[in-house]
1. Taking the stated definitions as given, is residue 136 loosely packed, with under 15 Cβ neighbours inside 10 Å, at pLDDT 95 or above and within 25 Å of residue 54 (Cβ to Cβ)?
2. Which of the residues that make up segment 11-23 are surrounded by fewer than 16 Cβ atoms within 10 Å (Cβ to Cβ) and within 15 Å of residue 65 (Cβ to Cβ)?
3. Could you tell me whether segment 37-53 includes any residue that is under 27 Å from residue 186 (Cβ atoms), over 12 Å from the mean Cα position of the chain (by Cα), surrounded by fewer than 19 Cβ atoms within 10 Å (Cβ to Cβ) and not assigned by TED's automatic domain parsing to the domain that holds residue 172?
4. Go through (1) surrounded by fewer than 21 Cβ atoms within 10 Å (Cβ to Cβ); (2) on the phi < 0 side of the Ramachandran plot one by one and return the number of the condition residue 26 breaks.
5. Give the residues of segment 36-75 that are touching a residue at least 24 places away in the same chain (Cβ under 8 Å) and part of a strand (DSSP E or B), sorted by residue number.
6. Can residue 17 be described as modelled with pLDDT of 95 or more, within 16 Å of the chain's Cα centre (by Cα) and over 23 Å from residue 131 (Cβ atoms)?
7. Can you go through 78, 107, 131, 119 and tell me which one is touching a residue at least 24 places away in the same chain (Cβ under 8 Å), closer than 28 Å to residue 162 by Cβ and surrounded by fewer than 19 Cβ atoms within 10 Å (Cβ to Cβ)?
8. Would a scan of segment 85-93 turn up a residue that is exposed (fewer than 14 other Cβ atoms within 10 Å of the Cβ), touching a helix residue (DSSP H, G or I) at 6+ places or on another chain (Cβ under 9 Å) and closer than 24 Å to residue 46 by Cα?
């Protein structure tokens, strides 16, 4: 075993877990999940069947990740945030064939107690604020907050607010990287 799992963690058959990953107390990894290298999955989490987590994904305590979710590398999932996988769940109606997929792209962060309604992807390096309820796709580098979540700005790869000038460029206060906004889309143009 090239990863750590606390003795109270339950890991079902068919899972692939990358080296140097850590799985903490009372967490259940259900069948056929793929968990990348150097992931950290906190206490009391549920990772449902067939979920895919890339490398270096940080899953904080009390997070539920349901079937249909893929998180790319370097994703951060804040405490008690949750994904859904059915738009109109009913206890008496089986809708397993109607699960919608959600992808959280590289480097995105989702804050504590946020909810991601299924079928809405989170773009690269986007930042979903604590308690937000995401009901539509979030663009790359977007900062969204509230219920329903609304975009209030843009962030850098390091999570700092970007303030665009008259040339439609902005720099990250931590790295100095330059970003450009064009057609309501942000991209990094220097490193």
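The values are calculated or read from the model by the stated rules, or taken from the named source; none is laboratory data. The model shown is predicted, which means the values in this text are computed figures rather than measured ones. As a convention, Cβ positions derive from the backbone with ideal geometry for all residues, glycine included, and neighbour counts pool all protein chains shown.
1. Yes, satisfied.
2. Listed by number, the list holds a single entry, 12.
3. Checked segment 37-53: no residue is under 27 Å from residue 186 (Cβ atoms), over 12 Å from the mean Cα position of the chain (by Cα), surrounded by fewer than 19 Cβ atoms within 10 Å (Cβ to Cβ) and not assigned by TED's automatic domain parsing to the domain that holds residue 172.
4. That leaves (2) as the condition not met.
5. 69, 70, 71
6. Considered against the rule, which asks whether it is modelled with pLDDT of 95 or more, within 16 Å of the chain's Cα centre (by Cα) and over 23 Å from residue 131 (Cβ atoms), residue 17 comes out as no.
7. Only one candidate qualifies: 119.
8. Within segment 85-93, the subset exposed (fewer than 14 other Cβ atoms within 10 Å of the Cβ) is 87-93.
From the residues that got through so far, the ones that are touching a helix residue (DSSP H, G or I) at 6+ places or on another chain (Cβ under 9 Å) too are 87-88.
Filter again for closer than 24 Å to residue 46 by Cα, leaving 87-88.
Yes, there is a match, as at least one residue in segment 85-93 is exposed (fewer than 14 other Cβ atoms within 10 Å of the Cβ), touching a helix residue (DSSP H, G or I) at 6+ places or on another chain (Cβ under 9 Å) and closer than 24 Å to residue 46 by Cα.
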